[in-house]
Every structure is written in structure tokens, then in C-alpha cells.
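Asker: The structure that follows is given in the form of C-alpha cells.
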Amino acid sequence: MAEVRFEHVTKRFGETIAVNDLNLTIPDKEFLVLVGPSGCGKSTALRLISGLEEPTSGKIYIGERLVNDVAPKDRDIAMVFQSYALYPHMSVHDNMAFGLSLRKTPKPEIQRRVREAARVLGIEELLKRKPRQLSGGQRQRVALGRAIVREPAAFLLDEPLSNLDAKLRVQTRAELSKLHQRLGTTFIYVTHDQVEAMTMATVIAVMNKGLLQQVGKPQDLYERPDNVFVAGFIGSPAMNFFDVTVRGGQDGVYLDAGTFQVPVPKEKAGILDKYLDKKIVFGIRPEDIHSPEYMAPGIIATSIRAKVDVTELMGNEFFLHMLSDDKSFLARVDARTPARPGQEIELVFNMGNMQAFDVETQKTMLS
Amino acid sequence: MSMVQKSSGTTHIFLRFFTSLRRLISRLPLHIILIGAALLWMTPTFGLLVSSFRPATAVGSTGWWTAFQTPFQFTLDNYSSVLSQNGMARSFINSLIITIPATILPILVAGFAAFAFAWMKFPGRNALFIFVVALLVVPIQVTLIPVLRLFTDVKLVGTFPGIWLAHTAYGLPLAIFLLRNFFGSLPKELLESAYLDGASNMRVFFRLILPLSVPALASLAIFQFLWVWNDLLVALVYLQSPSKAPMTLTINNLVSSYGTQWQLLTAAAFISMILPLIIFFALQRYFVEGITAGAVKG
Amino acid sequence: MSDHHRSTVWSRLFGRIQITWRGTGRRGRLSPWLWLLPAFAFVSVFLIYPVIATLRISFMNANSTAYVGINNYKYVFTNPAMQDALLNTILWLFLFTLLAVGLGLLFAVLSGRVRYEAVSKAIIFIPMAISFVAAAVIWKFMYAYRPGGFTQIGLVNEIATKVGLQPTAWLVQQRIPYTDVLLPTPFHANNFAIIIVGVWMWTGFAMVVLSAGLKGISTEVIEAARVDGANEWQIFRRIILPMLAPTIAVIATALVIQGLKTFDIVWVITSGNYGTDVVATFMYKEMFNYQDFGKAGALAVILLAVIIPIMLISIRRFRTQEETR
């Protein structure tokens with residue numbers, strides 16, 4: 001119905017390629033989050049869907065319709081801008097009603113929709129006010145309301161939470177998820193914050209430098225990243241990466257990091273056979289590094305020793321910035337762990353969740 | 001249902017060509033109007049320029065557009081005679097003598113006052129500021145008679161100092177307005193740290209505020225320069241001696257004499273325009289920024 | 001006097017900075033007033049005192065030796081020539097402002113859409129740099145008249161004859177060209193001709209300010225409107241224009257005041273003859289040709305009286321805007 005599809009879409013701005021041969025299908029009713037660092041092309045991709053930018057080459061479909069030459073106003077989409085872009089000279093009610101009044105929707109219908117949307121968003125008392133009299137959070141809801149009343153085939157949201165303070169952001173995240181469930185319409189959401197992506201999305205698409213890196217469910221991206229970039233981008237704090245050499249021994253395959261060695265579990269050892277004596281990128285998440293006293297049960301544990309550089313006590317967890325010779329990495333351990341800067345301590349790697357990537361292609365070897 | 005089509009290279013190029021052609025045509029009226037307007041705006045001045053290079057007989061008998069057909073009759077006579085006779089050279093110098101002090105002085109005086117308004121606390125500060133700016137309202141006409149009488153009494157009529165003082169005063173409301181807004185926008189911390197370092201107001205003004213305010217000062221200087229250079233009324237009323245007349249006044253006198261002097265008028269007018277035009281082109285950015293800062297922010 | 005001594009005297013006189021939050025200190029209480037003194041001296045002598053003096057003069061006779069009550073004002077309002085000048089001035093204010101703002105807006109919008117924006121804006125703005133006198137010379141040439149049958153030297157008449165019409169003395173002619181219609185003052189053809197010169201000069205100013213105002217409208221708001229379904233015209237009428245309203249008000253005020261004060265253009269082009277007088281030129285004549293300072297003073301006061309409410313209205317509108325910001 002309202003599936004959105006990119007087919008070999010490229011967008012150039014002069015010499016720069018903002019979006020590079022993008023092939024992406026966004027199924028109907030999904031909450032897709034386009035995530036990536038600044039300049040990765042996610043906002044451009046969103047604007048291509050909206051029609052505010054035209055692709056240099058390739059085709060874009062909304063539903064079954066090819067919309068390359070269709071004006072934004074005829075694409076049946078609604079957009080929420082990062083700065084909300086409310087019409088400053090109109091009241092909240094008129095802001096929300098504007099799109100409908102342009103399409104000559106009958107007045108009673110406009111009233112009904114505006115009132116309903118205001119109710120859902122909790123802004124009924126604000127209908128007569130002007131944008132400059134509203135707080136940031138309220139303005140954002142008006143921007144959402146403006147999109148909702150249009151009853152579009154898809155909602156496009158461009159970093160709508162970035163101008164809110166931290167607490168409001170957390171609150172609004174939950175509300176957006178609820179809204180999505182309630183409306184049942186496709187949401188296409190752009191952000192640079194992977195936390196937003198992980199918490200709200202049903203499908204995540206990671207982009208970097210104009211290229212699509214990986215598409216999938218949040219948990220899939222977390223557990224089975226396709227490449228180093230996705231592995232390091234998803235999950236906070238980021239995954240630790242080591243340049244290691246694969247070595248074979250009598251007990252099986254192990255990874256030689258120079259200052260420490262870690263054995264590879266049997267299931268993964270087979271894949272790494274081809275890389276004996278070659279360098280690979282070994283990845284392990286901070287949350288998969290435990291202190292021996294407080295490690296989670298049932299993990300495939302491997303001990304290493306390293307020196308504590310900086311400690312950050314986060315209340316419920318302990319972040320240990322570790323140094324092993326010149327290699328630095330981060331461990332998330334139980335808050336009760338006794339560790340002080342300068343100390344050399346023992347840590348345990350959960351090798352069951354290890355990641356391995358080819359050095360040249362940066363792609364995962366474990367799929 | 002997916003239709004994966006690879007459009008061939010040539011059809012792709014064709015499509016692109018047609019879309020850009022279509023776009024160009026739909027924007028044609030836009031270009032026509034704008035370019036037409038620009039041409040329309042330039043034509044009068046251009047006509048004057050061409051006329052200024054034509055001999056007296058040609059100017060009086062045929063239109064300037066005919067100058068581009070044979071026989072070509074271009075001459076520099078107009079310029080040379082204007083500069084040597086009719087006191088034009090003298091007028092040019094007079095204009096300079098009048099304008100330069102009348103530009104520098106108001107900036108200084110307004111600068112002092114604007115500094116006080118922006119950064120010093122004293123009773124009635126806001127009310128006084130609004131009052132000064134409200135003086136923008138006063139049309140010069142209202143001040144002419146009393147000031148003329150005053151000048152006559154103190155023998156300042158027909159003197160350069162007299163007109164310097166007058167232009168300074170007339171330029172003050174706008175200057176104080178612009179400078180106070182700009183000074184006020186300078187970061188407070190900068191002045192505070194200078195104060196903590198033991199600087200006096202004088203030092204802060206000359207060493208800190210003025211150097212940081214160059215854009216605003218430049219805008220103001222250009223405004224004031226152009227305004228004084230192009231002024232006719234003030235010169236007409238206060239500066240009645242022909243030997244001290246600026247260009248505007250001299251040209252005005254030339255205009256009143258028809259017929260035989262027209263070709264000189266063209267050159268004279270152009271000479272009077274050159275300096276402002278050069279200044280305008282060179283410092284256009286400041287000029288424009290100054291106006292918009294004053295008007296858009298209110 | 002040692003350096004140290006000198007600087008303390010200096011700073012005692014001119015004080016140290018009073019940053020607002022510090023409050024007034026003992027030191028340098030005199031100082032703000034010293035800084036303001038030169039400006040206030042100038043302003044009092046050349047602006048404040050003359051207003052009061054002119055007010056007084058307007059109630060006196062020609063050489064200000066005796067009071068004549070409101071005779072000057074009576075004369076001013078009943079004199080037919082003066083009434084003409086008044087009507088002309090009113091025409092100036094409306095037409096001049098309307099045209100300059102309208103064209104300025106048009107050019108600002110159009111320029112914003114082309115790549116040669118800076119050039120086109122500069123060209124339209126140039127006339128502001130030249131003096132009214134030079135502009136008058138330029139346009140006297142444009143409007144120059146030679147009787148029919150002779151070669152034309154003015155561009156306007158040249159075009160007129162090329163399309164088959166008779167040449168007209170644009171600056172003298174009061175009837176509507178090519179008709180026998182003579183509308184009442186101020187709707188004379190030559191008035192329009194001179195107003196066009198004023199518009200030629202000041203449209204650039206309006207355009208520049210409006211252009212800056214346009215650029216102040218965030219593109220995201222326009223894009224939101226586009227996504228909401230507005231076409232270009234709807235965007236202009238319902239989004240851009242309302243958002244531009246404060247800027248338009250500012251320029252319109254500035255132009256109205258300029259129109260009221262117009263002197264130079266009219267003076268140089270026609271000296272106010274042929275029915276083109278405006279209040280300012282009329283006043284000048286009273287002052288210098290007739291040496292009647294009483295009447296001239298009355299005219300000046302009237303001018304001031306008209307301008308003040310205009311300024312007050314715009315200041316108040318500006319204030320209310322700032323408050324709701």
C-alpha cells in the first residue's frame with residue numbers, strides 16, 4: 001500500500017555524492033529509522049522521499065507510483081522538520097489546518113481532524129496560541145499534529161528530537177513509538193543518535209558516506225553487524241576493536257593481540273581457518289567484558305590482564321577504560337568491582353559474542 | 001511487482017535535456033522581467049554617460065542612441081571644459097572639503113554618545129535614547145530658518161565650519177541609533193575583562209570598541225558620506241557663497257540655464273557621480289548591511 | 001604631570017565603565033554625561049532649539065517682528081497654490097511609496113531566484129548612490145522634448161514617436177498624454193513623471209531591505225508549506241507576505257517620510273513650476289523668494305505635525321512586536 005522504495009537512487013550535489021546507489025525497501029506500517037553520522041546522506045534520502053530534492057538518477061516509488069516527477073504536495077506524505085518550521089504568524093490551530101485548507105477540505109472536517117490530533121497529542125489548550133508563545137516540546141507536538149491531520153501514507157521525521165532537552169527526549173521517544181502503533185502508518189525517521197534508533201525502530205537502516213551499510217531489525221544489527229562501521233556505530237558505548245593475528249595451536253584457533261591472546265570458540269573457529277597467520281579485526285562489546293568476580297553465568301569466558309587507565313562509576317555500572325600496552329579498550333563491569341586507576345586487574349571476555357571482520361573489506365566473517 | 005528497467009544511455013540524456021529545457025522555459029518570464037528591469041534601470045544613467053562624450057551640437061540636436069551610428073562623434077571636450085571652467089574643479093574640491101569632516105565628526109560625536117547609551121548606567125537612559133532617535137522625525141525644513149538666523153548672527157553663514165556643524169548635527173540621530181545597537185551587541189565579557197584589567201573608559205573606547213566596530217563604522221561612514229556629498233538643500237541654505245559651493249549646488253545652477261550649456265551638464269553630473277559610485281561599488285557590502293541592520297531588526 | 005597622575009585625572013573625569021549590573025559607583029558619576037555632552041550640544045542647537053523657534057516664528061510676521069496669531073496657518077491652508085502643493089505631496093506619499101515598495105518587493109523576490117542576484121540588485125540599487133541633482137539631470141534628458149517633426153533627443157519621446165505618437169513635454173504637460181483630459185490636481189501627467197524619477201531612485205532601497213527580510217524567512221518553513229500542499233502563489237500570499245509584513249511596514253514608513261520631505265528632485269527638475277510644487281519646495285520659495293519666514297515656518301510645522309503621528313504609529317507597532325517575540 002504505502003511501501004516506499006528506492007531503486008538505484010543516487011544524488012549528487014556538484015562534486016559530492018550525498019546518496020550513492022541506494023536500494024532500500026521500506027515496507028508499509030514499519031517504523032524505519034535512517035541512522036548514521038553527520039553527512040552520511042540520511043537527511044538527503046529523506047528529502048528525496050519528500051520530493052524536496054530530486055534524484056540525480058534512479059527511481060523512487062511510493063506505493064506503486066513512481067514519484068520522481070511528482071511534486072511534494074502530491075506525494076501524500078507529511079514531514080516533521082528538525083526545527084519544526086511552524087508558521088509563525090498563524091495560531092496553532094491554523095498551523096495544523098493549513099494543509100487541509102489548501103486542499104479545500106470542508107471546514108467541519110478540518111475542525112474534526114485538528115481537534116482529534118490535538119487531543120491525541122495533548123495540546124488542546126494551545127490551539128489559539130502562536131508558536132512564539134510555546135515551549136520547544138509544545139512546538140514539536142504542533143509540528144507532529146500538523147503532519148497527523150493530513151492522514152498521509154507515510155510520515156517523514158527529520159531529527160525531531162534533537163532540539164529537546166535530555167529528559168524530554170526520553171519521554172517523547174516513548175510517545176512517538178506509541179503514536180506509531182496507534183496510527184499504523186509508515187514512519188520514516190532520521191537521526192544520528194543510535195539510541196533513538198535502537199529504541200524506536202522496527203527496522204533500522206545504517207548509512208555512512210552516502211552508502212547503505214545494513215538494514216535490519218535493531219537486535220539483528222546489534223548481534224550480527226555486517227561490517228565494522230555498523231558494529232562500531234550501533235551500541236553505546238561502542239564496540240572495542242583490536243587488530244589481531246589469527247594463529248592456530250594444538251588447542252584450536254586463537255587470536256593474538258600481541259599483549260594478550262584469546263581463544264576462539266569452536267563454532268567460529270572453522271570460519272577463521274582460512275585466515276591463519278593473517279590479520280583480522282576482532283571486535284568485542286564493552287558489555288561482553290566482565291570482571292571475574294561478578295561475571296554473568298553461562299558465558300564462554302577468557303581471562304586477560306590489563307591496566308586500568310580511567311574509571312567512571314555510573315551508579316549501576318562501572319566503566320573501565322583499560323590499557324593493554326598501546327591498546328586501549330572499554331569494559332562495562334559490575335559496579336562492585338574493585339578497580340582503581342593504575343591497577344592491573346584481570347578481566348573476562350565473553351567470546352561467545354565475539355565479532356570478526358576482514359581487514360580490507362571491513363566486512364564481517366561470521367554470517 | 002518490480003519493474004527493473006535500465007534506461008539506455010541516449011534516452012536518459014534526452015530526458016535530462018528536455019527537463020532542463022522545460023525548466024528554462026517556465027522560468028523565462030522571470031528572467032525577462034528581471035533583466036528587463038535591470039536594463040530599464042541602467043538606461044537613463046547610460047544615456048547620460050554617452051551624452052557626456054558627445055559634442056555640444058550633437059547633444060542638442062539628436063538623441064544619444066544615435067551616437068552609435070556613423071559618423072562617430074565622441075569627444076572629451078565636455079569634461080575638459082567643465083573641469084577647467086565653470087568652477088567645476090573648484091566645486092569638486094569644495095565637495096570634498098565639506099564632506100570629509102562632515103563624515104568624520106558625526107561618527108566621533110555619535111560614537112561617544114552611543115558608548116554611553118550602550119554601556120553606562122544613568123537615570124533616564126532609555127527615555128533619552130528614544131528621544132534622540134525620535135529626532136529622526138524632524139525634517140530639515142523645520143530647522144532651516146532658526147539655524148540660518150543663528151548662523152547669520154555668529155557669522156557662520158557661508159563658511160565651511162558652519163556647514164560641518166550642521167551636517168554633523170543632522171546625521172547624529174541615525175548615527176547614534178546604529179552605533180548604539182552595534183556597541184550593545186558586543187560581548188559584555190570583553191568589556192568586563194578590560195575593566196578588571198584596570199582600563200579606563202577612554203581606553204576601552206578607543207582601543208576596544210572602535211576597532212571591533214569597524215563594520216558598523218564603515219556603514220555609517222558610507223551613509224553619511226553619500227548623504228552629505230549628494231546634499232543640495234543644506235548647501236543651498238547655509239552656504240550661500242559661490243566660491244564655496246559643492247558640486248550639487250553648481251550643477252543646480254547650471255541646470256537653470258537651458259540650451260547652450262546642456263552638454264556641460266552631462267559631464268558635470270557624471271563627475272559628481274563618480275566618487276559616490278566608486279565608493280558604493282567598493283564598499284557595497286557595508287552599505288547594504290548597514291541599511292538592513294537598521295531596518296530589519298528595527 | 002606624571003603619566004600616572006595624568007591618567008588618574010583623565011579617568012576621574014571620564015570614569016571607568018559602569019557595566020549595568022554593577023550599579024552606579026561613586027567614581028565617574030559625572031562620566032556618562034560627559035560622553036553625551038557633545039552629541040547633546042549639537043542636537044540641542046541644530047534640532048531641538050530650531051523646532052521650538054520655528055514653532056514660535058510660525059506665529060509671527062514675515063521678518064519675525066510681530067505676532068500675527070494663526071494668520072500664517074490660515075494663509076497656508078486657504079492659498080490655492082499651497083493647496084495644490086499639499087495635494088501634490090499627498091500624491092507623492094501614496095504613489096511613490098506604493099510603487100517603490102511594490103517594485104522593490106517584486107525585484108527582491110525575483111532576484112532571489114536567479115544566479116545573477118547580486119548583479120541585478122546592484123544595478124537597481126545604484127541610483128541611490130547618486131545625488132538627486134544628478135538624477136534630475138539624467139531624467140531631464142530622458143524626458144527632453146522637441147516639437148513634432150523635429151528629431152527627438154529624449155529617449156522617452158523617441159520611443160513615443162517610433163510607435164507613432166506625438167512627442168510630449170512630459171515635465172510640463174499636465175493633461176493625460178494624448179488625450180484632452182485634465183484631471184484635478186494632483187493627478188497631472190508631469191507629477192507622475194517626476195514621481196517616476198523618485199521611484200527609480202528609491203526602489204533599490206526598498207528592494208535591499210525586503211530582500212534581507214526575505215532571506216530571514218527560514219527555508220524550512222517554506223518547505224513545510226510545500227509539503228503541506230501549497231503552490232508557489234499560495235506560498236507567497238499566505239506564508240511569505242504575512243511574515244514579511246513587519247519589514248514592509250518599516251520601509252513603507254521610511255518611504256512615506258522621504259516622500260513628505262522630497263525637495264531636491266522637484267526643485268532641480270522643475271523648480272516646482274507647472275503645478276508640481278510640493279510642500280518642501282513651496283516652503284523654500286516662501287523663505288527665499290518672498291522672504292516670508294512666518295509662512296515658511298508654518299509650513300515646516302505642518303510638515304512636522306504630519307510626520308510625527310506616522311513615526312509614533314510605527315514605533316508603537318514595533319514595540320508590540322518586540323514584546324510578543
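Asker: Quick check: Cα centre of the range B:61-139 to Cα centre of the range A:127-200, how many Å?
Answerer: So the separation of the two Cα centres works out to 55 Å.
Asker: To continue, here is another question. Over the range A:181-302, what relative contact order in percent results from Cα pairs under 8 Å that are six or more residues apart?
Answerer: About 17 percent, as a whole number.
Asker: Moving on. Only sites in a loop by DSSP and with at most 11 other Cβ atoms within 10 Å count here; which GluC sites (Glu not before Pro) in the range A:258-337 make the cut?
Answerer: none
Asker: Here is a follow-up. What is the average number of partner chain Cβ atoms found within 10 Å of a Cβ in C:248-254?
Answerer: Counting Cβ atoms of other protein chains within 10 Å of each residue's Cβ and averaging gives 2.
Asker: At most 15 other Cβ atoms within 10 Å and a DSSP loop assignment: could you name the trypsin sites (Lys or Arg not before Pro) in the range A:276-338 that fit?
Answerer: In loop regions of the range A:276-338 (DSSP not H, G, I, E or B), the sparsely surrounded trypsin sites (Lys or Arg not before Pro) are A:Lys278, A:Arg336.
Asker: Extending each Cα 7 Å along its Cβ direction at B:Thr43 and A:Gln133, get the distance between those two points in nm, one decimal.
Answerer: That separation, rounded to one decimal, is 5.2 nm.
Asker: Taking R0 as 25 Å, what's the FRET efficiency between C:Asn71 and C:Phe288 from their Cβ-Cβ distance, rounded to 0.05?
Answerer: 0.75
Asker: Rounded to the nearest 500, what is chain A's calculated 222 nm mean residue ellipticity when only DSSP H runs of at least 4 contribute -39500 (n - 2.57) each, over all residues?
Answerer: Rounded to the nearest 500, it is -7500 deg cm²/dmol.
Asker: What ranking, highest mean first, results for peptides B:76-82, C:293-299 when packing means the other Cβ atoms within 10 Å averaged over each residue?
Answerer: Put in order of decreasing packing, that is C:293-299, B:76-82.
Asker: Run the quick spin-label model on A:Asp273 and B:Asp77: label points 7 Å from Cα toward the beta carbon, then report their separation in nm to one decimal.
Answerer: Taking the simple label geometry, A:Asp273 and B:Asp77 are separated by 10.7 nm.
Asker: Against the globular-protein guess of 2.2 N^0.38 Å, express the Cα radius of gyration of the range A:4-233 as a ratio, rounded to two decimals.
Answerer: 1.01
Asker: Figure the gain on full extension for B:Phe281 and B:Ser26 (residue separation times 0.36 nm, minus the Cα-Cα span) and round it to one decimal in nm.
Answerer: Gain on stretching B:Phe281 to B:Ser26: 88.5 nm.
Asker: With a 10 Å Cβ neighbour count serving as the proxy for reagent exposure, in which order, fewest first, do C:Leu255, B:Leu28, C:Leu106 appear?
Answerer: Ascending Cβ contact count within 10 Å gives the list B:Leu28, C:Leu106, C:Leu255.
Asker: While we're on this one: Taking every residue in A:243-250, how many Cβ atoms of other protein chains lie within 10 Å of its Cβ, on average?
Answerer: That works out to 0 on average.
Asker: How far is it, in nm, from the label point at A:Tyr294 to the one at C:Arg115 when both lie 7 Å from their Cα along the line to the Cβ?
Answerer: Taking the two extended label points, one gets 6.4 nm.
Asker: Taking 51 Å as R0, compute the FRET efficiency from the Cβ-Cβ separation of C:Gln83 and C:Arg316 and round it to 0.05.
Answerer: 0.95
Asker: Next question, about the same structure. What ranking do C:Asp84, C:Asp277, A:Asp334, B:Asp197 get, fewest neighbouring Cβ atoms within 10 angstrom at the top?
Answerer: Fewest-to-most ranking of C:Asp84, C:Asp277, A:Asp334, B:Asp197: B:Asp197, A:Asp334, C:Asp84, C:Asp277.
Asker: With 10 angstrom as the radius, rank C:Phe132, B:Phe177 by how many other C-beta atoms surround their C-beta, starting from the fewest.
Answerer: In order of increasing Cβ crowding within 10 Å: B:Phe177, C:Phe132.
Asker: Another one. Determine the relative contact order of the range A:240-358: mean sequence separation of Cα pairs under 8 Å and six or more apart, normalised by residue count, in whole percent.
Answerer: Averaging sequence separation for qualifying contacts and normalising by length gives 29 percent for the range A:240-358.
The numbers here are math on the coordinates, done by the rules we state, and not lab data. Please read these numbers as outputs of a predicted model, since none were measured by experiment. For neighbour counting, all protein chains shown are included, and Cβ atoms are generated from backbone atoms with ideal geometry for every residue, glycine included.
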